[in-house]
Each structure stands twice: as C-alpha cells, then as structure tokens.
There are 2 protein chains.
Amino acid sequence: MTLKELSDLLGLSPTTVSRALNGYPEVSEATRKKVAAAARAHGYAPNTRARALATGRAMAIGHVIPISAKHEMVNPIFADFTAGAGEVYSRNGYDMLMSVVSDDDEEQAYRSFATKRNVDGLIIHAPSLNDGRIPFLNDLGLPYVVHGRSSNATAPYAWVDVNNTRAFQRATELLLDLGHRRIALLNGLEHMDFAARRRAGYEAALVSRGITPDSSLMFSGEMTEAQGHDLTRSLLARPDRPTAILVSSIIMAIGVRRGIEELGLTLGRDVSLITYDDDLSYFRNGSDIPVYTATRSSVREAGRRAAQMLIDIINGKDSPTELLLEAELTLGMSTGPARRD
Amino acid sequence: MTLKELSDLLGLSPTTVSRALNGYPEVSEATRKKVAAAARAHGYAPNTRARALATGRAMAIGHVIPISAKHEMVNPIFADFTAGAGEVYSRNGYDMLMSVVSDDDEEQAYRSFATKRNVDGLIIHAPSLNDGRIPFLNDLGLPYVVHGRSSNATAPYAWVDVNNTRAFQRATELLLDLGHRRIALLNGLEHMDFAARRRAGYEAALVSRGITPDSSLMFSGEMTEAQGHDLTRSLLARPDRPTAILVSSIIMAIGVRRGIEELGLTLGRDVSLITYDDDLSYFRNGSDIPVYTATRSSVREAGRRAAQMLIDIINGKDSPTELLLEAELTLGMSTGPARRD
DNA sequence: TGGGGTATTCAAAGCGCTTTGGATAATTTG
DNA sequence: CAAATTATCCAAAGCGCTTTGAATACCCCA
C-alpha cells in the first residue's frame, strides 16, 4: 500500500493525505479522521526509504561495534547500553543501525555511514585516551555522542560518562578505611580512557593517605573472567600478597572470586574485593544483599541518556551536551576489615 | 557528493557513472577506471536511501530484540549472536537494523518492519514452543530465519538451531556414567522451545537407565546468576539433595558455583555440574582446561550461519533452509564421580 | 452584493539513485 | 563501400514520499 493508492482510495490528493498523517494544520479535522481511519484499516505506513529521501533525514542512528581483532571479544556491556538506547530510539521513531566491524577498519565504517547518508547521527563507544575518532568525526559533520570521554581531546564533543575517577577513589578510600594497605588494581586496557581515569582515582586515594602506589599491584588487560582468575591466583601466590583487590568489571570479579575460593580462602574475610558494576541485566549483583561491594552505575541508563542527547542534538535543541553520571558505592559481602597476619 | 555532481565532474551522464560503478558490462574499461578513480578521490558512495528506493531493496536485515517486560532482561547471548551475524552482513553489504521492543509489542515491530519496507528480511530470536510469530510472518511475506525452532509449527520455516535434546541427553548420560542418580535440572523458561527440548533430552537419558524423572528436581526460570545461586542453595539444603546439577546457561552456572562454595563444598568433588555453554566471547569457559564440563556450541557461529542463510533466501538461492548444529561435550573440572554418603 | 480573508485542497517539482529504451559512434561484414 | 552489428553512452521515467506554490471554496463584513 502506497500513499498514492491510499489517496486514490480516499479520493484525495497524496498531498492532503501526507499532511493529514503528519499532523499538519492545513487539513480539516474531518478529513484527518477519515485519512487516519483508512490508513489504519489498510495497514498503511509510509515507506521509510522514500520518506528519508524526501526529507533528507534517515531517522536512524548508527552504532559501530568494534570487535577486538585479537581476542574476538564483544564488549559485554554493549547489549545493555544498546537496550537503553533502543528504548529511546523507538519512542522517538528512530531506527538503530549496527555495524559490526573489526577494530582495524572502524574509521572506514564511520566514513561509510557518512557518505552513504543512512544515519542521522552516531554513538561512539569505548573512547581511548587520545581518540583519533573525535577530530575525524568533527570533520565528517555527522552529529555524534561519545559514551565515555577522551582525555586530551582538543576539540569539544558531546559525551555521556560516569565519574570513573571519583568512583575508584571512593572505593579505594573505603578499603583504606577498612585497614587495607596493599590493594591490587585489576583494570581494563589502559589506553582506554575509562581505565586511565580509574587508575588515577585509585592512585589519588592512596597518595592522599601517604601510600605510594605500587606498580607491581596494578594490572591492565581484557576484562574477562579468565583474566581475573589468573591474575588473582598469581597475586595471592606472592608472599606480600594484597589483602584487597579492586576490579574494573563484574565479569572479571567473578574470576577473582573463583581464584580466591580455589585457594580455600573466603571472599570478604580473607580477601576483600570491590568491583565496578555496570548493572548488567543478566548479571545483577545480588537481589537483596549485593554479593559484591561495588561502585555501580547503570550502563543501560547511560544508553538512554546518550540516545536522548544525540536526538536533541540532531533536532537542534541546545540542551547540555556533556553529562557526568555519578556511580553509587553499595556495600556488599565482599569487603571486610583487613586481617593482620 | 551526489551521482549527478560526480557525473558532471567527469563530463559523463549519471547513467554511465552508475553503470560503471555497479559493474555493468555496457561501459568501456577506460571510462570505468576513470569513474572508479574519481569516485575514490572524491569519497563518493551512493546514497543508500535513494538506491534503496530505486532498486526496491533496502540492503538491511532487521533484528527485533525483545526485552522481558517483567525482568528488564536482555538476553546475554544477543551480543555474540549479533556479532556473528554482523560479520556476514558487512561482507555482503547489508546493514543491520535493531529494534528494541518490550515483548508485548513485538508483533507490532515486525509489522512495522514490513510496512515501512526498510529491511529485506528478519532474524527471529528465542522462539517458543508454539510460536505465533511463525504463521504471522508467513503471512507478512518478509523472508526470515529463526534462531532456534518452534515445535508444533505447522508451516515450514527456515531455521538454525542446536541439537538441544541430544546435548542434554549426552550430558545426563555422562553424569549417570559417573554414578550420579539424583540429577537436578536448572532450565530456562519452559515455554521456550530450547528449554523444552533440553528437558526432553534429560528425561530421555534418565528413563533409558530406568530412572524416573523427579519433577522436584527440575526448575525453569530466567537464566540469571542470582537464580542459579538461589536454586542451588535450596536444592542443597534438602536431605535428599542431588549430587549433580545440569544447567542451561553458563551465567546461571556461575551462580550455582557460588551457592556450592558458600556451603564450603567443592565443585566437581562434592557436587558435579554440567552447563550449556554458548561460548560467549566475554566469558570463555577456561583458557586451557575448561572450568566447567559443558555442552558447547558457539552462538556466534550460529549468528553467522543464520545470517548467511537469510541472505541466500533473499537472493533466491535455493540452499538448505534448515541447519542443525551439534554441541560438543567438553570435559572440565566441574564433574567427578558421585560420592556415596 | 462584492471584495478581502481564511480554510482546504491539489498539481507538480524534487530528493538521488537505477533502469528502460533509444541514440550515436565505431567496427565488422558481405 | 553500404549495410548490419556491436560497443558506448545518454535522456528520461520512475521508485514513494514531502513540500512549495497555487487554486478553489467558503466565510465575513462593509
């Protein structure tokens, strides 16, 4: 069913039908009702492609999902971020276009979005410290919002981020308050902006208590369960082993727990653990009492906010283009006072 | 840069430029080269929307991501399935359109895809036993491939599935071989087709060894970590507690492990566990020796195969439209002989 | 009763591409 | 060397919609 067919059916011009459907004022209430009824009855919906061509707006947002070529790893937070963003898109009539791309040719994917003109804006994931995509995208001229920030970026850009520094500073302070002095950090890859900020928070807390950060207690890598396990095992095998561990992802924390328990130690008593928690829907941190003490911020909510911000930008609203969310520190069962051995 | 601009630049007609770019034979090699070079130099790529309108093909595939309204849960396997499918789409010039939708109005989402004509085909996720979407989609007339199957479906449909029955039958047999007699099943929601098949496999194995399935050992629900934990705790509190547990998801298995270890028991020694493993990229089951004994089948590969099948269907190739993948049973450290108490 | 608004409706152009049906130039053939 | 192919190229139509500019019908008030 096309506009033409529908208008013929109604004995009206396509112009009028189009206007009636799109809520323009220059059409009488009577015909608007008739048109709406007929459209519903015949299951008419405008062809997106034709409409996009005519209006110059694709009514779609692009997401580029980079796959780590080395590890074939999909970031587990994408699903939830996407779910949050998707809710907002649906509500506003936007589609979500995903492009899965090996991280080598990510830039190519953005360029292709721009030249093929099939999206009105982009969401950028996982920015690194000095992310080349930002100047690149500023040139491209497609509106975009970054999930995260890129330190050292010279040009301004729109972003939604969590206060990673603060979250890790507070977590570290909590551990210090509990008497821990040797605190390990299992972090994400440090060229990632979020990881750098988290380390900064961790170190700041230590320094402010007069403790010199010990680089042999800091690790960065892919945030997998296996990685968490292996690092924990090697940490706990050391004579000067840490009494507490700070972890950048709940998935990694699961591996840490496994490593601890394999040694017959008890989490929260023998070793304390605080993790960053993205509040993933398939891995909620305990229903009543949180399993892990955690700094938590919903990545799904971040998705919603980023999507809304992007839509506002596309529509020329001049709402704020920077949003810093605070993570909340929730006490679970994985922390306890440092034991003196 | 539009086709017109590019053709003006070259002193050629849009027709010729279009043909040159699309590999039609009626254009000389010389001009084809010139056109290709100019296109590259000016970063020209055809406007997707215009092309789609002209050809009648959207060059996009739709995925509907249903969100469980009750639990706000995103299925954790989507990310990996999507990654696999996305690879194939990119290779074939297709975009992936995602629609996040509360599971109440999923049907509406499909209808909207069809009437708005912005995709050439659909991937259907998580079919239930007697899935209403199949007759519905057969009427709609959009090609689609189901990830999974729907028992009792009367009409034929294209699908890619894992042999769930066989996988759980084999897993159960392994546990029986190890001397286990009381084996619990922590399954997904049983209106889901995969869950029903898994239970069938489990029961068949028991019956063939003369054991009557005990419904008090079978559970079905959302496959979350918390659920795995809670069910395990209550199972192990019983006097006639099971010596082995069969689990439908590795995420749930993590919760089971936590429950077991909280009681001071050891996985693989005191309680055996076999889990279904989708080989999620962020949760690989051990790098060298698998942590869990598992029936494994890569959901990412399933994504690839489903995508390829759909593209073949769209292009009118008459390749097979049913694909049953076998899961492999890998021995890890979570199984051991039944202990006699 | 007639001129100036106002409320409705419509015809036609245009979005950027593909594709049909020629046209023209180059080449081959009898 | 004229006629028939063949190789290249192009003008124009059309995909289904929105939107500009104009037409028509209706109403009001002097």
Residue match in region A:258-267 (condition: assigned to a strand (DSSP E or B) and farther than 26 Å from A:Ala196 by Cβ): yes
Only unsatisfied item for B:Asp288, checking (1) assigned by TED's automatic domain parsing to the domain that holds B:Gly228; (2) surrounded by 16 or more Cβ atoms within 10 Å (Cβ to Cβ), is (2)
Residues in region A:47-58 that are more than 8 Å from DNA strand C (Cβ to nearest atom) and facing chain B (nearest Cβ under 7 Å): how many? 5
Is at least one residue of region B:24-35 away from DNA strand D (no atom under 12 Å from the Cβ) and not assigned by TED's automatic domain parsing to the domain that holds B:Ser249? no
Taking only region B:134-191 into account, find how many residues are closer than 30 Å to B:Asp240 by Cβ and of a type outside the set (S, T, N, Q). 23
Lone qualifier among A:Leu122, A:Leu97 - being within 7 Å of chain B (Cβ to nearest Cβ) and either part of a strand (DSSP E or B) or touching a Gly at 6+ places or on another chain (Cβ under 8 Å) (or both): A:Leu97
Kindly indicate whether B:Ser128 is more than 26 Å from A:Arg91 (Cβ to Cβ), in contact (Cβ under 8 Å) with a residue 60 or more places away in the chain and hydroxyl-bearing (Ser, Thr, Tyr). yes
Just need a number here: residues in region A:277-335 that are in contact (Cβ under 8 Å) with a residue 12 or more places away in the chain, out of contact with any strand residue (DSSP E or B) (no Cβ under 8 Å at 6 or more places or on another chain) and of a type in the set (Gly, Ala, Ser). 2
If you check A:Val88 against the conditions, is it within 16 Å of DNA strand D (Cβ to nearest atom) and over 27 Å from B:Arg304 (Cβ atoms)? no
Please enumerate the residues belonging to region B:286-318 that are modelled with pLDDT under 95 and within 19 Å of A:Ile260 (Cβ to Cβ). B:Gly286, B:Ser287, B:Ile289, B:Val291
Selection status of B:Val145, in the same structural domain as B:Glu72 (by TED's automatic domain parsing), touching a Leu at 6+ places or on another chain (Cβ under 6 Å), β-branched (Val, Ile, Thr) and closer than 30 Å to B:Ile274 by Cα: yes
Can you find, within region A:269-299, the residue that is farthest from the other protein chains (Cβ to nearest Cβ) among those that are over 17 Å from B:Ala226 (Cβ atoms) and part of a loop (DSSP other than H, G, I, E, B)? A:Ser297
For B:Leu12, indicate whether it is within 16 Å of DNA strand D (Cβ to nearest atom) and free of Cβ contacts under 8 Å to residues at least 24 places away in the same chain. yes
Qualifying residues in region A:74-94 (those that are in contact with a His (Cβ under 8 Å, 6 or more places away or on another chain) and of a type in the set (A, V, I, L, M, F, W, C)) - the one nearest to the other protein chains (Cβ to nearest Cβ): A:Phe78
Looking only at strands (runs of 3 or more DSSP E) that lie completely in region A:129-226, which have at least 3 residues being more than 14 Å from chain B (Cβ to nearest Cβ) and more than 30 Å from A:Ile313 (Cα to Cα)? A:183-187, A:218-220
Any idea how many residues of region A:234-258 are charged (D, E, K, R) and either touching a strand residue (DSSP E or B) at 6+ places or on another chain (Cβ under 7 Å) or within 11 Å of chain B (Cβ to nearest Cβ) (or both)? 2
Given the conditions (1) within 24 Å of B:Asn152 (Cβ to Cβ); (2) surrounded by fewer than 16 Cβ atoms within 10 Å (Cβ to Cβ); (3) out of contact with any strand residue (DSSP E or B) (no Cβ under 7 Å at 6 or more places or on another chain), report the number of the one that B:His191 does not fulfil. (3)
From B:Gly11, B:Gly43, which residue is within 26 Å of A:Thr48 (Cα to Cα) and more than 7 Å from DNA strand C (Cβ to nearest atom)? B:Gly43
Across region A:108-119, what is the number of residues that are at the interface with another protein chain (Cβ under 9 Å from one of its Cβ atoms) and of a type in the set (Ser, Thr, Tyr)? 2
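The values are calculated or read from the model by the stated rules, or taken from the named source; none is laboratory data. Being a predicted model, the structure only gives us computed values, none of them experimental. Cβ: placed from backbone, ideal geometry, glycine included. Neighbour counts: every protein chain shown.
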